[in-house]
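Here's the structure we're looking at; comments come further down.
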Amino acid sequence: MATPSGIPSTTLHWTNADVEVHRVVVGSYDNNVFIVRCRRTGEAVLIDAANEHELLLELCQQLGVRRVLETHGHWDHIGAVSQIREAGYEVAVTSQDAPMLKDVGYDVFLDDAEVIEFGRLRMNAIHNPGHTPGSISFELVGTPLLFTGDTLFPGGPGATGFEGGDFATIIESIDDKLFTFPEHTIVLPGHGVDTTIGRERPHLQEWVDRGW
């Protein structure tokens, strides 16, 4: 089965008239890798080159990926970066997390509030420190989609026990920058299943009280 654009639908996760979002789960930590594709031009970006580089490169070629965006620099999210770069794809990461990519490399920095354009689509970058100093989320303009990396999951924030993590910071980051989105906003995290802002926002104080 294929989408109207001719792309196999086995990876198709969400779609409307303008956008296709494809998802694959890779590696021993079951990382979500998302490819966001403009249906009108065929241009796409890949979010988190986590692992299984051969699969990701095949999808990059099939789906018209032009650029790779890293939500943060933890090792399980960058396992395919070196091979992706060798194949000629540009990899972007925040300057705060760039040192974590010293062994695999990167090409350009992502900045808070940067507008990422591909085809006729735009994504807004949102700096969400706490899981790592440079963690970043992406809002796909004109859709209810919010890609949160390891900042926000169903049931709470990402872990903050790693070097550079901070619980108070991630709570503030979620409350001030993500919970301002409408309740129907779909959260697509770096691991696990989707959730919504409306489902998670009422539990913020519970997370604060439990301390993780």
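The values are calculated or read from the model by the stated rules, or taken from the named source; none is laboratory data. This structure is a prediction, so every number in the text was calculated from the model and none was measured. Note that we place each Cβ from the backbone using ideal geometry, even for glycine, and neighbour counts take in every protein chain shown.
Can you tell me which of 183, 114 is surrounded by fewer than 23 Cβ atoms within 10 Å (Cβ to Cβ) and closer than 24 Å to residue 37 by Cα? Steps first, answer last, please.
Working: 183 fails: closer than 24 Å to residue 37 by Cα.
After ruling out the rest, the residue left standing is 114.
I'd like to know if the stretch 92-110 contains one or more residues that are within 22 Å of residue 20 (Cα to Cα) and at pLDDT 95 or above. Walk me through it before giving the result.
Step one: filter the stretch 92-110 for residues within 22 Å of residue 20 (Cα to Cα), giving 92.
Still in the list and also at pLDDT 95 or above: 92.
Checking the stretch 92-110: at least one residue is within 22 Å of residue 20 (Cα to Cα) and at pLDDT 95 or above.
With respect to residue 163, is the statement that it is in a loop (DSSP other than H, G, I, E, B) and surrounded by fewer than 18 Cβ atoms within 10 Å (Cβ to Cβ) true? If you could, list the steps in order and put the result at the bottom.
Details: in a loop (DSSP other than H, G, I, E, B): yes; surrounded by fewer than 18 Cβ atoms within 10 Å (Cβ to Cβ): yes.
Criteria met by residue 163.
Restricting the first residue to the stretch 102-122 and requiring it to be farther than 12 Å from residue 137 by Cα, which pairs with a second residue that is of a type in the set (Ser, Thr, Tyr) and part of a loop (DSSP other than H, G, I, E, B) meet a Cβ separation below 7 Å and a spacing of at least six or different chains?
What qualifies is 109/95; 119/41; 120/41.
If a residue has to be touching a Lys or Arg at 6+ places or on another chain (Cβ under 7 Å) and either basic (Lys, Arg) or assigned to a loop (DSSP other than H, G, I, E, B) (or both) to count, how many in the stretch 55-88 make the cut?
Step one: of the stretch 55-88, the residues touching a Lys or Arg at 6+ places or on another chain (Cβ under 7 Å) are 63-64.
If we keep only those that are either basic (Lys, Arg) or assigned to a loop (DSSP other than H, G, I, E, B) (or both) as well, we get 64.
Within the stretch 55-88, residues that are touching a Lys or Arg at 6+ places or on another chain (Cβ under 7 Å) and either basic (Lys, Arg) or assigned to a loop (DSSP other than H, G, I, E, B) (or both) number 1.
Please verify whether the stretch 140-157 includes one or more residues that are surrounded by fewer than 19 Cβ atoms within 10 Å (Cβ to Cβ), farther than 24 Å from residue 115 by Cα, out of contact with any strand residue (DSSP E or B) (no Cβ under 6 Å at 6 or more places or on another chain) and free of Cβ contacts under 8 Å to residues at least 24 places away in the same chain.
As a first pass, look at the stretch 140-157 and keep what is surrounded by fewer than 19 Cβ atoms within 10 Å (Cβ to Cβ): 141-144, 154-156.
Restricting the remaining residues to those that are farther than 24 Å from residue 115 by Cα gives 154-156.
Those still in the list that are out of contact with any strand residue (DSSP E or B) (no Cβ under 6 Å at 6 or more places or on another chain) too: 155-156.
Restricting the remaining residues to those that are free of Cβ contacts under 8 Å to residues at least 24 places away in the same chain gives none.
The answer is no; no qualifying residue exists.
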